[in-house]
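Engineer: Starting off with a structure, shown below.
The values are calculated or read from the model by the stated rules, or taken from the named source; none is laboratory data. In this text, all values refer to a predicted model and were calculated from it rather than measured experimentally. Ideal geometry is used to build each Cβ from the backbone, glycine not excepted, and the neighbour counts take in all protein chains shown.
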Amino acid sequence: MKYFVFCALFALTYANVDVNQLKKLQALPEFAGVSLVELEAQTRLTVPDLIESEGYPSETYEVTTEDGYILTLHRIPLGKNAKKSNGKVAFLQHGILSSSCDWIITGSSKGLAYTLADEGYDVWMGNARGNKYSRNHITIHPDQGSEFWKFSWHQIGAIDLPTMIDFVLNKTGVSSVYYAGHSQGTTSFYVMTSLKPEYNKKIKVQVSLAPIGFMKHMTSPLLKILAFFTNTMEVLLNLIGVNEFLPTSDVGKVLCGDNSITQILCKNALFVVCGFSHKEMNATLLPTLMGHTPAGSSTKQLLHYSQEIKSGHFRQYDFGLIRNKRVYNSFFPPDYRLAQVTAPVYLLYSHNDWLAAEKDVSKLCDKLGNCKEKFVVPNKDFNHLDYMYGMSASETVYPKVISIFNSH
Ligand SMILES: *[C@@H]1O[C@H](CO)[C@@H](O)[C@H](O)[C@H]1NC(C)=O
Ligand SMILES: *[C@@H]1O[C@H](CO)[C@@H](O)[C@H](O)[C@H]1NC(C)=O
């Protein structure tokens, strides 16, 4: 176990698009004969490029948080197939290691952002601090050391989300948004609305895709290892100077098999943490997926989750007894007060999800101030990332999201 972790640590790098990954892709039947140049070109498209290539209107905004992070918002003001606007504003927030790209990556016939836009929604997509669209600060450069990366999803929920939502409300003139979040996009929502209950009234309804509050029962092997070493891990990571979490190669060995798709996915941090299911994986989508994920997160985001696994609590970042006393005036971090989340929340979960286990989702529903429904995705292969990338998401999940939004 220890040996594995040390190997894993030494394998941590700051890789971006990996040419070897692309070469491996060329070996798949789908891409036999596709040149490296073409594959690379696909990975270079930005979210606005992708939206425009589908013939949809796209807008980009920047907003600065009170602590200096410059965040990017992407918007599809109206779908190309929408007859007219329904006057409603949707706000979509991505998960860990991801970006606004999640909502559009599967293309205009499948992506949730396009579907909502075609329903008449004005669709806004947030980007959390630290991902490739929000890797920017008024004074600190992200490559300048640890200062930029001193945040977990606590700051994303406490600062980024309120800043982005206020910006959207101001631009659109509506008083509340229809919120859908995936994974960390749900965690950060619960952080925001429990710490700043005045934001509940700015949320018409919240749909949680693969909700993450409590994590005691999750089954991701890599996160289990992180949780096991959660105290020493931070020291080790600080020593080797890793602020941004982007592991490659050896970390993936927990997942690797002989199958060539598996070989490619197990080199990608996102899939290593979250797992994947063969039945839902669209091989044709792989080059785009590899070019856009992982989009960047701080190591602390992962560590904060690993603390949750260990403690069984949904609570603020654990700095250790002494610093906790100084920061929180108590030896243990305070729990997030979920009863303060009074916006209506719908929890969508699935049985093959490594991270959002049914028991944890049930506990979350019990604790939330206004949990409306727990909905289990009727597809037993469905896993954590399939809400975004899975081939059947547009049939098994999105109609439910639309019907919840439309009924509020
Ligand atoms: C948006 O913010 C500006 C500047 O603070 C303010 O003048 C304006 O009235 C706001 N608009 C709306 C619709 O809230
Ligand atoms: C697989 O991905 C490709 C490329 O994005 C897309 O054209 C195709 O419709 C997808 N197939 C399914 C079944 O989702």
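Engineer: Which members of region 206-225 meet the condition of being surrounded by 21 or more Cβ atoms within 10 Å (Cβ to Cβ) and not in a loop (DSSP other than H, G, I, E, B)?
Structural biologist: Answer for region 206-225, where residues must be surrounded by 21 or more Cβ atoms within 10 Å (Cβ to Cβ) and not in a loop (DSSP other than H, G, I, E, B): 206, 207, 208, 209, 222, 223.
Engineer: Is one or more of the residues making up region 149-159 crowded, with 24+ Cβ neighbours inside 10 Å, within 16 Å of ligand 1 (Cβ to nearest atom) and touching a residue at least 12 places away in the same chain (Cβ under 8 Å)?
Structural biologist: No; the residues of region 149-159 include none that is crowded, with 24+ Cβ neighbours inside 10 Å, within 16 Å of ligand 1 (Cβ to nearest atom) and touching a residue at least 12 places away in the same chain (Cβ under 8 Å).
Engineer: Among 380, 374, which is modelled with pLDDT under 95 and either farther than 30 Å from residue 88 by Cα or not in a loop (DSSP other than H, G, I, E, B) (or both)?
Structural biologist: That would be 380, the only listed residue that is modelled with pLDDT under 95 and either farther than 30 Å from residue 88 by Cα or not in a loop (DSSP other than H, G, I, E, B) (or both).
Engineer: Can you tell me which residue is farthest from residue 136 (Cα to Cα) among those in region 41-84 that are of a type in the set (A, V, I, L, M, F, W, C) and assigned to a loop (DSSP other than H, G, I, E, B)?
Structural biologist: If we take residues in region 41-84 being of a type in the set (A, V, I, L, M, F, W, C) and assigned to a loop (DSSP other than H, G, I, E, B), then 82 is farthest from residue 136 (Cα to Cα).
Engineer: From (1) buried (at least 18 other Cβ atoms within 10 Å of the Cβ); (2) at pLDDT 95 or above; (3) in contact with an Asp or Glu (Cβ under 9 Å, 6 or more places away or on another chain); (4) part of a loop (DSSP other than H, G, I, E, B), pick out the condition that doesn't hold for residue 343.
Structural biologist: Going through (1) buried (at least 18 other Cβ atoms within 10 Å of the Cβ); (2) at pLDDT 95 or above; (3) in contact with an Asp or Glu (Cβ under 9 Å, 6 or more places away or on another chain); (4) part of a loop (DSSP other than H, G, I, E, B) one by one, residue 343 breaks only (3).
Engineer: Something else about it: Out of 395, 373, 358, which single residue is within 16 Å of ligand 2 (Cβ to nearest atom), surrounded by fewer than 20 Cβ atoms within 10 Å (Cβ to Cβ) and not small (Gly, Ala, Ser)?
Structural biologist: Criteria check complete, one pass: 395.
Engineer: Go through (1) surrounded by fewer than 22 Cβ atoms within 10 Å (Cβ to Cβ); (2) away from ligand 2 (no atom under 16 Å from the Cβ); (3) within 16 Å of residue 399 (Cβ to Cβ) one by one and return the number of the condition residue 138 breaks.
Structural biologist: Among (1) surrounded by fewer than 22 Cβ atoms within 10 Å (Cβ to Cβ); (2) away from ligand 2 (no atom under 16 Å from the Cβ); (3) within 16 Å of residue 399 (Cβ to Cβ), the lone unmet condition for residue 138 is (3).
Engineer: Something else now. Does any residue of region 86-96 turn out to be under 24 Å from residue 168 (Cβ atoms), of a type outside the set (Gly, Ala, Ser) and surrounded by fewer than 18 Cβ atoms within 10 Å (Cβ to Cβ)?
Structural biologist: Yes, the conditions are met somewhere in region 86-96.
Engineer: Could you pull out the residue among 96, 76 that is modelled with pLDDT under 95 and of a type in the set (A, V, I, L, M)?
Structural biologist: 96
Engineer: Can you pull out the residues in region 87-119 that are more than 20 Å from the chain's Cα centre (by Cα), within 24 Å of residue 162 (Cα to Cα) and not in a strand (DSSP E or B)?
Structural biologist: Across region 87-119, the qualifying residues are 87, 88, 117.
Engineer: Among the residues of region 266-280, which ones are assigned to a helix (DSSP H, G or I), more than 15 Å from ligand 2 (Cβ to nearest atom) and either out of contact with any strand residue (DSSP E or B) (no Cβ under 8 Å at 6 or more places or on another chain) or modelled with pLDDT of 75 or more (or both)?
Structural biologist: Answer for region 266-280, where residues must be assigned to a helix (DSSP H, G or I), more than 15 Å from ligand 2 (Cβ to nearest atom) and either out of contact with any strand residue (DSSP E or B) (no Cβ under 8 Å at 6 or more places or on another chain) or modelled with pLDDT of 75 or more (or both): 270, 271, 273, 274.
Engineer: With respect to the numbered conditions (1) within 16 Å of ligand 1 (Cβ to nearest atom); (2) surrounded by 22 or more Cβ atoms within 10 Å (Cβ to Cβ); (3) of a type in the set (Gly, Ala, Ser), which one is the sole condition not fulfilled by residue 176?
Structural biologist: (2)
Engineer: Still on this model: Considering only region 176-193, state which residues are touching a Lys or Arg at 6+ places or on another chain (Cβ under 7 Å) and in a loop (DSSP other than H, G, I, E, B).
Structural biologist: 176
Engineer: Checking the conditions here, which among 306, 311, 298, 350 is hydroxyl-bearing (Ser, Thr, Tyr), free of Cβ contacts under 8 Å to residues at least 24 places away in the same chain and at negative phi?
Structural biologist: On inspection, the qualifying residue turns out to be 311.
Engineer: For region 281-337: of the residues being at pLDDT below 95 and of a type in the set (Phe, Trp, Tyr), which is surrounded by the most Cβ atoms within 10 Å (Cβ to Cβ)?
Structural biologist: Ranking the qualifying residues of region 281-337, first place goes to 305.
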